[in-house]
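To start, the structure itself, in structure tokens.
The values are calculated or read from the model by the stated rules, or taken from the named source; none is laboratory data. Computed from a prediction, not measured in an experiment: that's the story for all the values here. For neighbour counting, all protein chains shown are included, and Cβ atoms are generated from backbone atoms with ideal geometry for every residue, glycine included. Just the protein is used for accessible areas: all its heavy atoms, side chains included, with ligands, DNA and RNA removed. Shrake-Rupley method; radii C 1.70, N 1.55, O 1.52, S 1.80 Å.
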Amino acid sequence: MQPTLLILAAGMASRYGSLKQIQQFGPSGETIVDYSIYDAISAGFGKIVFIIRENFAAEFKEIFEPKLKGRVAVDFVYQEMDAFLGDHAVPAERTKPWGTAHAVLCAKNAINEPFAVINADDFYGTDAFVKMAAFLNNDCKPDVYSVVGYELGKTISEHGSVSRGVCEVSADGNLAAINERTKIYAENNQIVYEEADGSKHPLPANTPVSMNFWGFHPSVFELSQGLFSEFLEKNSSNPKSEFFITIVADEFTRRGIGQVKVIPTSAKWFGVTYKEDAPGVQASLSALVENGEYPDNLWK
């Protein structure tokens, strides 16, 4: 059975200011995620599942359904605020989705095979998809998940802070711990992360970080549902709380359920966290096309 690619595209893009998931950056009008889908199909993925919000579903489907028809199976799943809440209610003041792990959980009924998870607005590179496909086809089990580890210094935006899952890797290449740092940036020739209280802590440029490129067995859905229930007990009244994938991965390892293999890559990330990132993304994609790594029209 071919693996599935789950694409997280339900975010609010609050720092970007518009729906960056469908903004055109490539020479023939491609979005960033077009390149991820192209790489995934080339690596042997058999299905694409988009996690989106219903209020922009029509626009989203109009863009992606025609270009992918006949190339790969496609499904669309909605991340709604009231999904998997049980007896809990959505706080009246909450305006954003519950987070990346909740988005994955919303795909529970659409995926029955090993699958990868990516963000719609990040460029990951061919190497990462080839390595992830090999993992999902050969090594993925109920007690063995994976994450692609990027070098922190190759994932920083020049235009503001970024969120990264900072990884601690054991000697045997497995994830020992992961901490979501939501404010990482370069300052005075070093990289730092800032805590809520304003304190700053340095991070080496070669620190492995997650860019939300995960490899999961379908067993992750049951685990996530249980952890989300625990999360709600503590955080349901907090309108800004988020149930991150890093929470699931950390509990998976901390509770001894299984291990997360860290798949290293030296690829340079690029993506669109801020409007100012857009010209750099366009230039990076143009360079890849000029170097022959991608055709000038992906879906021609």
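Does any residue of region 135-142 turn out to be polar (S, T, N, Q) and in contact with a Phe, Trp or Tyr (Cβ under 8 Å, 6 or more places away or on another chain)? Checked region 135-142: no residue is polar (S, T, N, Q) and in contact with a Phe, Trp or Tyr (Cβ under 8 Å, 6 or more places away or on another chain). Comparison of G44, G86 shows that the only residue that is open to solvent by 20 Å² or more (accessible area, probe 1.4 Å), among the small types (G, A, S) and touching a Leu at 6+ places or on another chain (Cβ under 8 Å) is G86. If you go through region 227-248 and pick out every residue that is more than 23 Å from C167 (Cβ to Cβ) and either in contact with a strand residue (DSSP E or B) (Cβ under 9 Å, 6 or more places away or on another chain) or open to solvent by 10 Å² or more (accessible area, probe 1.4 Å) (or both), you end up with 9. Please verify whether K275 is open to solvent by 20 Å² or more (accessible area, probe 1.4 Å), in contact (Cβ under 8 Å) with a residue 60 or more places away in the chain and within 18 Å of the chain's Cα centre (by Cα), treating the condition exactly as stated. For K275, the condition - open to solvent by 20 Å² or more (accessible area, probe 1.4 Å), in contact (Cβ under 8 Å) with a residue 60 or more places away in the chain and within 18 Å of the chain's Cα centre (by Cα) - is not met.
Just checking, does region 35-52 include any residue being modelled with pLDDT under 90 and assigned to a helix (DSSP H, G or I)? Looking through region 35-52, none of the residues is modelled with pLDDT under 90 and assigned to a helix (DSSP H, G or I).
Residues in region 167-206 that are within 22 Å of the chain's Cα centre (by Cα) and closer than 24 Å to A134 by Cα: C167, E168, V169, G173, N174, L175, A176, A177, I178. Confirm whether K154 is touching a residue at least 60 places away in the same chain (Cβ under 8 Å), within 19 Å of G215 (Cβ to Cβ) and open to solvent by 20 Å² or more (accessible area, probe 1.4 Å). It is false that K154 is touching a residue at least 60 places away in the same chain (Cβ under 8 Å), within 19 Å of G215 (Cβ to Cβ) and open to solvent by 20 Å² or more (accessible area, probe 1.4 Å).
Set side by side, the residues A133, A110, A103 differ, and just one is within 26 Å of A177 (Cβ to Cβ), open to solvent by less than 50 Å² (accessible area, probe 1.4 Å) and among the hydrophobic types (A, V, I, L, M, F, W, C), which is A103. Identify, please: which residue in region 162-171 is open to solvent by 20 Å² or more (accessible area, probe 1.4 Å) and small (G, A, S) and is, among those, nearest to S146 (Cα to Cα)? Taking the candidates together, the pick is S170.
Does region 153-167 include one or more residues that are at pLDDT 95 or above, among the charged types (D, E, K, R) and out of contact with any Leu (no Cβ under 7 Å at 6 or more places or on another chain)? No.
Within region 180-194, the set of residues being in contact (Cβ under 8 Å) with a residue 12 or more places away in the chain and surrounded by fewer than 14 Cβ atoms within 10 Å (Cβ to Cβ) comprises E187, Q190.
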